1. May I ask you to list the residues in the stretch 257-271 that are surrounded by fewer than 18 Cβ atoms within 10 Å (Cβ to Cβ) and out of contact with any Phe, Trp or Tyr (no Cβ under 7 Å at 6 or more places or on another chain)?
2. Which number in (1) outside any helix (DSSP H, G or I); (2) crowded, with 22+ Cβ neighbours inside 10 Å marks the one condition that Phe97 misses?
3. Which members of the stretch 249-305 meet the condition of being assigned to a helix (DSSP H, G or I) and of a type in the set (Gly, Ala, Ser)?
4. Please indicate, with yes or no, whether at least one residue in the stretch 117-124 is out of contact with any Pro (no Cβ under 8 Å at 6 or more places or on another chain), acidic (Asp, Glu) and farther than 17 Å from Leu58 by Cβ.
5. Could you grab the pairs with beta carbons closer than 6 Å, sequence gap of 6+ or different chains, first residue in the stretch 187-216 and of a type in the set (Val, Ile, Thr), second one at pLDDT below 95 and surrounded by 14 or more Cβ atoms within 10 Å (Cβ to Cβ)?
6. So for the stretch 224-231 (the condition being out of contact with any Lys or Arg (no Cβ under 8 Å at 6 or more places or on another chain), within 23 Å of Trp185 (Cα to Cα) and charged (D, E, K, R)), does at least one residue qualify?
7. Which residue is surrounded by the most Cβ atoms within 10 Å (Cβ to Cβ), if the candidates are limited to the stretch 76-94 and must be over 15 Å from Leu146 (Cβ atoms) and in contact with a Leu (Cβ under 7 Å, 6 or more places away or on another chain)?
8. Can you tell me which residues in the stretch 181-207 are crowded, with 22+ Cβ neighbours inside 10 Å, out of contact with any helix residue (DSSP H, G or I) (no Cβ under 9 Å at 6 or more places or on another chain) and either of a type in the set (Phe, Trp, Tyr) or under 30 Å from His151 (Cα atoms) (or both)?
Amino acid sequence: MRIITLLLCFLSFSGIAQEFKIIGYYMPTSEKVNFDHYTHINYSFAIPAPSGDTLLPLRNPERVMELVKDLHKQGKKVFISVGGWGIGDAPGDDTRFHKMAETEKGRRTFINSTLNLVKTYGFDGVDLDWEYPDEDSPSADQYVELVKGLHTALHKENKELTAAVISYGRKGYGIKNEAFNYLDWINLMAYDDDYGSEEIKAHSPYALAQKSIDYWLKERKLPAHKAVLGLPYYSKKGHGQYGPSYKDLLKDGASPYDDYWKGAFYNGIFTIQNKTRLAKDLGLAGVMVWEIRHDTSDEYSLVRAIYQASK
């Protein structure tokens, strides 16, 4: 018994044994949103200014502060997610990040601006959503320097740093392995795997979850306890064409247990639960979802299904 106790203590200290995280990206809305079962909320997004080195003010600051306080009372952690695909100039245009990261002064100014935002609102950490630093270019090394500086500044304040990364492939090499040392965990965006395809196909099947995990854990050597598997609450109709949210699909008559409806591919309860079990069985840190607003709040809720599968 004493040996088992000591082993559990060691695993906990080493970061291997941990709470299974259920992380939800949240974009502000006037609609009532159910935050039950989530352990972490990624408030989305803080956007860099055109100069790249400072963050633009959040909209409705009083509402954000109230939300953070309320979620803290519920025992949840709240991160500010910085960047995103629609960073401000055009979809997928990450010029602002590149401009900021190319100089030590730019990175330092950005880190100070980010830390100030975290302190102002009481966020528990930062989720860096730079899509994406480029493989075999200065931005890959600059990304490492950026997360190193952010990690140091945030950890001094007992805050955490995470990042969102592509599901697999060439663009993933813009995130060098050295960056893993400075990130508390990494959110694998295991969806949107339909770009450039000549055929209409599911954008986030179970096979993509396996492929994404294999890429980051086996090929890139990311420790399992630093990996979080991404799950979609939205549908797509192929070739990058977005379809209805999960809750709107159900309103239209789709089954909560299937993955296809009227030309739209989505993840129903069975697939969501199977992916969650895969993450848990492989010792991943948890799962994350894009994004909370797209779920239902009834017995067919996907986060409810995630929570049940995680136990």
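1. So the first thing to find is which residues in the stretch 257-271 are surrounded by fewer than 18 Cβ atoms within 10 Å (Cβ to Cβ), and the list is 257-258, 260, 262-263, 270.
If the condition is that a residue be surrounded by fewer than 18 Cβ atoms within 10 Å (Cβ to Cβ) and out of contact with any Phe, Trp or Tyr (no Cβ under 7 Å at 6 or more places or on another chain), then Asp258, Tyr260, Lys262, Gly263 are the ones that fit.
2. Phe97 satisfies all of (1) outside any helix (DSSP H, G or I); (2) crowded, with 22+ Cβ neighbours inside 10 Å except (1).
3. To start, the set of residues in the stretch 249-305 that are assigned to a helix (DSSP H, G or I) comprises 249-251, 269-281, 292-294, 302-305.
Matches in the stretch 249-305: Ala279, Ala305.
4. no
5. Ile200/Gly238
6. Residues of the stretch 224-231 out of contact with any Lys or Arg (no Cβ under 8 Å at 6 or more places or on another chain): 224-227, 230.
Next, from what is left, pick out any that are within 23 Å of Trp185 (Cα to Cα): 224-227, 230.
Filter again for charged (D, E, K, R), leaving 226.
For the stretch 224-231, residues out of contact with any Lys or Arg (no Cβ under 8 Å at 6 or more places or on another chain), within 23 Å of Trp185 (Cα to Cα) and charged (D, E, K, R): present.
7. Only one residue tops the list, namely Ile80.
8. Asn187
The values are calculated or read from the model by the stated rules, or taken from the named source; none is laboratory data. Keep in mind that what you see is a predicted model, and the values were worked out from it rather than measured. Backbone-built Cβ (ideal geometry, glycine too); neighbour counts: all protein chains shown.
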